[in-house]
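K.L.:
One structure coming up, written as structure tokens, with questions to follow.
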Amino acid sequence: MNTTKKTIGLLALQGDFAAHRKVFERLGWQTAEVRTKQELAQVDALVIPGGESTTLGKLLARIGLDTEIQERAKQGMPMFGTCAGMIMLASRVEDRPEQPTLGLMDITVARNAFGRQVESFETEIPFQESVVQGVFIRAPYVVEVTEGVEVLSKFRDKVVGVRQGNLFAIAFHPELTDDTRVHSYFAQMILESNE
Ligand code: GLN
């Protein structure tokens with residue numbers, strides 16, 4: 001159970017932030033939706049949910065939240081991106097050099113990388129010496145990591161979970177299962193953070 005006063009922010013411009021919110025509340029955390037700079041200033045960690053990364057990128061730029069998030073990330077704020085959120089954290093998107101991202105993690109991702117035929121699937125994914133259920137929905141994967149990026153999970157040789165310091169990204173959707181271990185991992189990152 002969480003006993004700190006820290007609040008987890010859910011970027012709530014688009015996508016499945018509500019499902020993440022429920023999981024963190026089940027784990028005993030205080031949460032808040034983030035749509036403005038003022039709301040970002042009031043939280044201690046940020047979840048960037050799945051959704052549609054092109055839309056998310058445009059919305060962030062329009063509100064000017066992109067630069068605020070980059071600033072907080074550099075100060076050490078723990079951030080957790082899933083699926084489109086992983087794309088937003090990446091520095092590069094394969095074959096789409098023009099796509100706006102936050103450029104915070106030193107990774108290159110490929111969008112919709114498991115192929116058009118396979119829109120979504122569910123499979124077991126190794127995570128932290130254990131196995132979690134991974135729901136993949138038009139998911140990306142990581143095609144390039146540089147030194148300093150820790151690979152946390154792979155599926156058929158494809159990197160689907162990474163960590164770089166205070167930043168954590170996975171290609172699948174743990175918020176759509178009953179298994180809270182991936183969220184607990186992020187919660188632990190927040191507890192260990194002194195931002
Ligand atoms: N395919 C979406 C994108 O590229 C991501 C899908 C998701 O977040 N479930 O933005």
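K.L.:
With respect to Phe136, determine if the residue is in a strand (DSSP E or B) and modelled with pLDDT under 95.
P.N.:
no
K.L.:
Might you check whether a residue that is within 12 Å of the ligand (Cβ to nearest atom), in a loop (DSSP other than H, G, I, E, B) and either surrounded by 15 or more Cβ atoms within 10 Å (Cβ to Cβ) or in contact (Cβ under 8 Å) with a residue 24 or more places away in the chain (or both) occurs anywhere in region 75-91? Before the answer, list the steps.
P.N.:
If we filter region 75-91 for residues that are within 12 Å of the ligand (Cβ to nearest atom), which is where we start, we get 81-88, 90.
When the remaining residues are screened for being in a loop (DSSP other than H, G, I, E, B), the result is 83.
Applying the additional criterion that residues be either surrounded by 15 or more Cβ atoms within 10 Å (Cβ to Cβ) or in contact (Cβ under 8 Å) with a residue 24 or more places away in the chain (or both) yields 83.
Scanning region 75-91 turns up at least one residue that is within 12 Å of the ligand (Cβ to nearest atom), in a loop (DSSP other than H, G, I, E, B) and either surrounded by 15 or more Cβ atoms within 10 Å (Cβ to Cβ) or in contact (Cβ under 8 Å) with a residue 24 or more places away in the chain (or both).
K.L.:
Determine, yes or no, whether Ala41 is of a type in the set (A, V, I, L, M, F, W, C), within 16 Å of the ligand (Cβ to nearest atom) and surrounded by fewer than 18 Cβ atoms within 10 Å (Cβ to Cβ).
P.N.:
It is false that Ala41 is of a type in the set (A, V, I, L, M, F, W, C), within 16 Å of the ligand (Cβ to nearest atom) and surrounded by fewer than 18 Cβ atoms within 10 Å (Cβ to Cβ).
K.L.:
Another question, then. Would you confirm whether any residue within region 154-173 is under 23 Å from Gly15 (Cα atoms) and assigned to a helix (DSSP H, G or I)?
P.N.:
no
K.L.:
Moving on. So, in region 94-135, how many residues would count as being touching a residue at least 24 places away in the same chain (Cβ under 8 Å) and either within 9 Å of the ligand (Cβ to nearest atom) or not acidic (Asp, Glu) (or both)?
P.N.:
From region 94-135, those touching a residue at least 24 places away in the same chain (Cβ under 8 Å) are 94, 99-114, 123, 125-128, 130, 132-135; that's our starting set.
Going one step further and asking which of them are either within 9 Å of the ligand (Cβ to nearest atom) or not acidic (Asp, Glu) (or both), we end up with 99-105, 107-114, 123, 125-128, 130, 132-135.
So the answer is 25.
K.L.:
Now a separate question. Do you know which residues across region 174-195 are touching a strand residue (DSSP E or B) at 6+ places or on another chain (Cβ under 7 Å), away from the ligand (no atom under 16 Å from the Cβ) and part of a loop (DSSP other than H, G, I, E, B)?
P.N.:
Passing the criteria: only Asp179.
K.L.:
Taking region 139-153 as the search range and keeping residues that are within 16 Å of the ligand (Cβ to nearest atom) and part of a strand (DSSP E or B), which one is farthest from Pro78 (Cα to Cα)?
P.N.:
Going through the qualifying residues, I end up with Val143.
The values are calculated or read from the model by the stated rules, or taken from the named source; none is laboratory data. Quick caveat: nothing in here was measured; it's all calculated off a predicted structure. Every residue, glycine as well, gets a Cβ built from its backbone with ideal geometry; the counts of neighbours run over all protein chains shown.
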